[in-house]
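A short worksheet on the structure shown next.
Throughout, read-outs are computed from the coordinates displayed, never taken from laboratory work. Everything numeric here is computed off the predicted structure, so don't read it as measured data. Every residue, glycine among them, receives a Cβ derived from its backbone with ideal geometry; neighbour counts consider all protein chains shown.
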């Protein structure tokens with residue numbers, strides 16, 4: 001997997017509902033997707049991915065992972081590679 005396609009949280013962007021809706025320009029679908037506070041946090045801290053942050057792994061990220069039905073271990077592995 002190309003690391004440029006990894007979101008701040010470690011997700012493959014192609015699996016992210018918010019990313020897919022944004023890319024498709026589907027504003028109705030985007031309204032039904034929760035705001036990505038993890039992405040916003042990483043952007044504010046000036047890091048591309050959470051594993052580059054001094055607070056990694058924080059409560060925001062852990063809470064996000066708990067809400068995913070995706071492979072969280074793979075997401076953690078992606079972040080380890082992106083460090």
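The set of residues from the stretch 8-40 being in contact with a helix residue (DSSP H, G or I) (Cβ under 6 Å, 6 or more places away or on another chain) and surrounded by 18 or more Cβ atoms within 10 Å (Cβ to Cβ) comprises 8, 9, 10, 11, 19, 36, 38. Regarding residue 33, is this residue closer than 20 Å to residue 69 by Cβ, out of contact with any strand residue (DSSP E or B) (no Cβ under 8 Å at 6 or more places or on another chain) and either touching a residue at least 24 places away in the same chain (Cβ under 8 Å) or outside any helix (DSSP H, G or I) (or both)? When the stated conditions are applied, residue 33 passes them.
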